[in-house]
């Protein structure tokens, strides 16, 4: 049995299904490029049948990203598989990942078909997928609640049909590590022909067991693990890539396996995905949280000063976290700026993107004395969203105080039209929200408002992430500035710009089942 574990990243597919985490094609490509630097083996780029935008994202990633296998998801429906095959066609190495539910509750209540029919559909789907690519992955959805004997029958049928990877998903996070590990051991010992396939696992975190279940499966012989950056995913999320990988690295003595992951890229990847999706990483998150390498208790500090390994089983440098290193200032030149961005992972920026980022950098330098790596990340990412700026902020004035009704006055350019609006609110942020809504002529509901400091210090850049509901659509927005009120205005306008982009995109009307 190989001791090499294939790392299958599904941040761009399952991770994007987290509420408010949708990404446009340019954002997906930016994440995909970083996943290449991270060293993942397979990128599940999306669900091509779900929308024209998802199809274009998968096709663009298949065309532009070199190195990893580019995978698309498809139900066991002919239209899904054909669409997926078209999307991955440009890839040097493409994969179709098809699935159908196999648990009793799904077969009886959702599919409403016989178990024999499910087996036939699964085998036919794999055969069709093989006409597009020799690399076909099959998943029995809700495997965690599927009878093992029946799952064996399904897997034997798809192996005969040509499946090369068998993925066992704990779709609803139901299993315990011992149970899930035993399931993998049973399949490995009893499924005819399974030795010709890679056994994969895809675990959800509904009971907080996704990483533990994934590791138990690897211990029992699974050699592909499906995960997401920061554990993003539907409901409570998926197995966290950074946690799975660092378990395998730190406890190599126990697991005895290797991956191709460059661990020094973990922190950078985590922060990139956090910024693009607007999903903050909790401070006490394992591996990538702000407190992961912080020590406050006196006895811990004493031990660390004497010998780091007393309380640190891994170093911050191992995952690419080096603290808020002062790197640039107002006197830094364009070449130094370009070189620093390349060091941070932005080597593929065009000259136009570099110039725009450098201009924003200089503006921030006038407001901040010290510029840190995270500042640079925020500066560059703000210009890489590629969201059409239908609404552009030209002027913002706020009046607020203990004896003053909070009022916001905004001048916003909308195409050739310049709109000037004022609005009151319960506070300055509420006043800005009302003013921006008035400019757009809409009545959104603000579902979420988050603010965080990008770095430390009183002059730190503030990042505001918002999510709003406009009609039936839920859209996110983000903005950064040393002035959090201005950052709020940018975030609200960014959300309206995203709404206009989403509204103009064609829809399929599909309702899709996920792993």
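Just so you know, all these numbers are worked out from the coordinates, no wet-lab data involved. This structure is a prediction, so every number in the text was calculated from the model and none was measured. Here the Cβ is made from the backbone with ideal geometry for all residues, glycine too, and neighbour counts use every protein chain on show.
Work out how much length residue 400 to residue 367 would gain on full extension: take 0.36 nm times their residue separation and subtract the Cα-Cα distance, in nm to one decimal. List each step's numbers first, then the result.
On the way: separation 33, 0.36 × 33 = 11.88 nm, distance 2.22 nm.
Taking 0.36 nm per residue and subtracting the Cα distance, the gain is 9.7 nm.
Between helix 241-250 and the chain there is an angle of about 70 degrees, using the helix long axis and the longest principal axis of the Cα atoms.
The Cα atoms of segment 397-505 give a gyration tensor whose axes a ≥ b ≥ c have a/c of 1.5 or more with a/b no greater than b/c, which makes the shape oblate. Oblate is the label for segment 326-395, because the ratio a/c of its alpha-carbon gyration tensor axes (a ≥ b ≥ c) is 1.5 or higher and a/b is not greater than b/c. Between 0 and 90 degrees, the angle of helix 25-38 with respect to the longest Cα principal axis of the chain falls at about 70 degrees. Shown here: percent of Cα pairs over 45 Å apart, derived from the displayed model; of the candidates (i) 22; (ii) 18; (iii) 11, it corresponds to (ii).
Under the criterion of Cα pairs below 8 Å and six or more residues apart, the relative contact order for the chain equals 12 percent.
Which of rounded, prolate, oblate describes segment 169-269, given a ≥ b ≥ c as roots of the alpha-carbon gyration tensor eigenvalues and a/c under 1.5 marking rounded, otherwise prolate only if a/b is larger than b/c? It is oblate, given that a/c is not under 1.5 and a/b is not larger than b/c. With contributions of -39500 (n - 2.57) from each DSSP H run of at least four residues, the per-residue ellipticity at 222 nm computed over the chain stands at -12000 deg cm²/dmol.
Which order, highest average first, do 314-321, 129-136, 53-60 follow once you tally other Cβ atoms within 10 Å for each residue and take the mean per peptide? Write out the running numbers ahead of the final one.
On the way: 314-321: 16.9, 129-136: 19.6, 53-60: 23.1.
So the peptides 314-321, 129-136, 53-60, ranked by packing, come out 53-60, 129-136, 314-321.
Rank the residues 112, 223 as a footprinting-exposure proxy: fewest other Cβ atoms within 10 Å of their Cβ go first. Let's see the in-between values first.
Values: 112 9, 223 19.
So the ranking, lowest neighbour count to highest, is 112, 223.
As a proxy for reagent exposure, ranking 198, 126 by other Cβ atoms within 10 Å from fewest up yields 198, 126.
Helix 351-365 sits at what angle to the longest principal axis of the chain, using alpha carbons and giving 0 to 90 degrees rounded to 10? Around 50 degrees separate the two axes.
Using Cβ counts within 10 Å as a stand-in for footprinting exposure, how do 409, 402, 263, 102 rank, fewest first?
On the way: 409 16, 402 4, 263 20, 102 25.
Fewest-to-most ranking of 409, 402, 263, 102: 402, 409, 263, 102.
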